[in-house]
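Trainee: Following this message is one structure expressed as C-alpha cells.
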Amino acid sequence: MSTRIKEMRVREFNIPLTEPFTITLGTTYKAENVLVSVELENGVVGYGEGAPFVYVTGETQQTAIKTIEAAKSIVEGKDVTQYRAIAEELARTFRVQTAARMAMEMAILDALTKSWGIPMYQFFGGVSDQVETDMTIPIVPAKEAYEKAKHWAEQGFNHLKIKVGTDLEADVERVEAIAEAAPSCHLKVDANQGYSPKQALEFLSELEKRDIAIELLEQPVPHWDLKGMKFVTQNSGVPIAADESVFSSRDALRVALEGAADIINIKLAKASILDVVNIHAICQSYGLGLMVGCMIESRLALSMAVHMTAGLGGFSYFDLDGFLSLAEEPIIGGFKEQAGVLSVAHVKAGIGAEPKKE
Ligand SMILES: [Mg+2]
C-alpha cells in the first residue's frame, strides 16, 4: 500500500501546567503547543508536536498553525519515503518557523517508521534506546528551591538543572540551597541570557568560594553576544553551553570556529529535525559537547527527542523533563520513565506515542 500522504491536519494542543514556570525570559502558565497528524494512503497515521515559544522561536501557537496550514500544499501528495526532500523544501519555504517544521517533520517520520515497522531510534542509528534526564528547578525563592531539589533527589533523579539570571545574589542563594538539599546530584545551571560576561564570571566565582561544583553553565549572556560568551568560556573553569545562540547548523559552526562555547544545547523546537542532525555532526567534528533540551512539551515531542538523541548517540547532557510540569497527560504511550531514565526500548514502530484524542 502506498506511503503517500493523503492529508495533513493541525490543531491547538493546550496542556495546563502544575504551576507557573518562570525563567529569565518570562513566565509560562500553560503549554500552547500544536499537534499535527499526517494520514497516509496505507491508513497509517503519524503524529507530531510543535512547541512554539515566542521568546525563543519567535512563533506563537496561531502563527505555527497558519504555517502548517500553508505547508499543506507542499506536504500533501508527497511520499513519506522522501522525508529529506520534503523537510528541505519546508526549510526553504518556512526558514524561521522551526517549531511548526518540527511538528510536521515529526509526523512525517512517525508515519514513515510506522510504515516500515521500525522504532524511531533505529532510524537515527540505534546507538542506544534510553537516556537519563535532569529535572529543572525554575526561578523560585531559595527555600522553595531546597524543597523541590530534595523532592526530586528522593524520586531518584541524579541530575538537576537550575534556572538563574535575574538577581545574582538570589541566584547564588538558590544554587547553594539546591546543592545542600541534593548533595549527590550533578548540577547544571542555565542563565537564559540573563548575565553580562563579567556577571557570569562573578557568579561562577561565588559558587567556587562556596565549593559548589557545577557541570556546566548554559547561555550566560545574550544570544547575539558571541564575543561575550567566548570571554566567559576562556576565563571560566566550568564548561559553557550555548543554547539561545544556536538555532541552526550555521550558528553551531560559528560557535565551533570561534571557540565561543564548549557545549551546544540542541532542541527540536529551535532547529527542527533535519538541522539537528547537522549540528550533531558539527559538534562531533569539532569536539564540542552535546546537550539536548526541550520546551514545555508532552510525551510525544519528548519521546521523539529521546529516540533521536539515543539513536544518534554522542550526547552527554539531557534536559528532557518538560512532561513533569504538565498537570494532565494528553498522550498514550511514549518512553517509559524510571527515576529520570527515559527508555524507548519497548517501542516496536515509530515514536510509539499518540494523543489520547485526535
Ligand atoms: Mg537553556
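The values are calculated or read from the model by the stated rules, or taken from the named source; none is laboratory data. The structure displayed is predicted, hence computed values, not measured ones. A quick note on method: Cβ atoms are made from the backbone with ideal geometry, for glycine too, and the neighbour counts reach across all protein chains shown. Only protein heavy atoms, including side chains, enter the accessible area calculation; ligands, DNA and RNA are left aside. Shrake-Rupley method; radii C 1.70, N 1.55, O 1.52, S 1.80 Å.
Trainee: Looking only at residues that are in a helix (DSSP H, G or I) and open to solvent by less than 30 Å² (accessible area, probe 1.4 Å) in segment 250-264, which one is farthest from the ligand (Cβ to nearest atom)?
Mentor: Of everything passing the filter in segment 250-264, Ala256 is farthest from the ligand (Cβ to nearest atom).
Trainee: Met229 - would you say it is away from the ligand (no atom under 15 Å from the Cβ) and open to solvent by less than 10 Å² (accessible area, probe 1.4 Å)? Even if it seems obvious, please write down each step before you answer.
Mentor: Details: away from the ligand (no atom under 15 Å from the Cβ): no; open to solvent by less than 10 Å² (accessible area, probe 1.4 Å): yes.
Taking the combined requirement at face value, the residue does not satisfy it.
Trainee: Among (1) more than 30 Å from Glu218 (Cβ to Cβ); (2) open to solvent by 70 Å² or more (accessible area, probe 1.4 Å), there is one condition Glu19 misses while meeting the rest; what is its number?
Mentor: (1)
Trainee: Would you be able to tell me the number of residues in segment 84-105 that are basic (Lys, Arg) and in contact with a Leu (Cβ under 8 Å, 6 or more places away or on another chain)?
Mentor: 2
Trainee: I'm checking my understanding of the structure. Among residues of segment 1-52 that are more than 16 Å from the ligand (Cβ to nearest atom) and of a type in the set (Ser, Thr, Tyr), which one is modelled with the lowest pLDDT?
Mentor: Tyr29
Trainee: Taking segment 43-60 only, how many residues are under 21 Å from Phe247 (Cα atoms), open to solvent by 20 Å² or more (accessible area, probe 1.4 Å) and without any contact (Cβ under 8 Å) to a residue 60 or more places away in the chain?
Mentor: Selection size over segment 43-60: 4.
Trainee: Given the conditions (1) in contact with a Pro (Cβ under 8 Å, 6 or more places away or on another chain); (2) more than 18 Å from Ile23 (Cα to Cα), which single one is not true for Pro220?
Mentor: (2)
Trainee: Any chance segment 309-327 includes a residue that's more than 20 Å from Gly46 (Cα to Cα) and in contact with a His (Cβ under 6 Å, 6 or more places away or on another chain)?
Mentor: yes
Trainee: From the list Glu105, Glu132, which one is among the acidic types (Asp, Glu) and in contact with a helix residue (DSSP H, G or I) (Cβ under 7 Å, 6 or more places away or on another chain)?
Mentor: Only one candidate qualifies: Glu105.
Trainee: In the set Ala281, Ala241, Ala310, which member is modelled with pLDDT of 95 or more, over 29 Å from Thr18 (Cα atoms) and among the small types (Gly, Ala, Ser)?
Mentor: Residue meeting the stated conditions: Ala281.
Trainee: Please go through segment 309-330 and pick out each residue that is at positive phi and either open to solvent by 40 Å² or more (accessible area, probe 1.4 Å) or within 16 Å of the ligand (Cβ to nearest atom) (or both).
Mentor: The answer is Gly314, and nothing else.
Trainee: Still on this structure, please answer the following. Please determine whether any residue of segment 265-277 is polar (S, T, N, Q), closer than 21 Å to Gly46 by Cβ, within 16 Å of the ligand (Cβ to nearest atom) and touching a strand residue (DSSP E or B) at 6+ places or on another chain (Cβ under 6 Å). Full working, then the answer.
Mentor: Step one: of segment 265-277, the residues polar (S, T, N, Q) are 265, 272.
So of that shortlist, the ones also closer than 21 Å to Gly46 by Cβ come out as 272.
Checking the rest, the ones that are also within 16 Å of the ligand (Cβ to nearest atom) come to none.
Checked segment 265-277: no residue is polar (S, T, N, Q), closer than 21 Å to Gly46 by Cβ, within 16 Å of the ligand (Cβ to nearest atom) and touching a strand residue (DSSP E or B) at 6+ places or on another chain (Cβ under 6 Å).
Trainee: May I pose another question? Based on what the data block shows, is Val306 within 16 Å of the ligand (Cβ to nearest atom) and assigned to a helix (DSSP H, G or I)?
Mentor: no
Trainee: Sticking with this structure for a sec: So, of the residues in segment 331-358 that are in contact with a Gly (Cβ under 8 Å, 6 or more places away or on another chain) and more than 22 Å from Phe13 (Cβ to Cβ), which turns out to be surrounded by the most Cβ atoms within 10 Å (Cβ to Cβ)?
Mentor: Looking at residues that are in contact with a Gly (Cβ under 8 Å, 6 or more places away or on another chain) and more than 22 Å from Phe13 (Cβ to Cβ), I get Gly340.
Trainee: If you take the residues in segment 233-247 that are of a type in the set (Gly, Ala, Ser) and open to solvent by less than 20 Å² (accessible area, probe 1.4 Å), which one is nearest to the ligand (Cβ to nearest atom)?
Mentor: Out of the qualifying residues, it is Ala241.
Trainee: Here's a follow-up. For segment 289-300, give me each residue that is within 16 Å of the ligand (Cβ to nearest atom) and either assigned to a helix (DSSP H, G or I) or of a type in the set (A, V, I, L, M, F, W, C) (or both).
Mentor: Those that are within 16 Å of the ligand (Cβ to nearest atom) and either assigned to a helix (DSSP H, G or I) or of a type in the set (A, V, I, L, M, F, W, C) (or both): Leu290, Met291, Val292, Cys294, Met295, Ile296.
Trainee: Can you tell me which of Leu40, Leu35, Leu17 is touching a residue at least 40 places away in the same chain (Cβ under 8 Å), within 21 Å of Val276 (Cβ to Cβ) and in contact with a strand residue (DSSP E or B) (Cβ under 8 Å, 6 or more places away or on another chain)?
Mentor: Leu35
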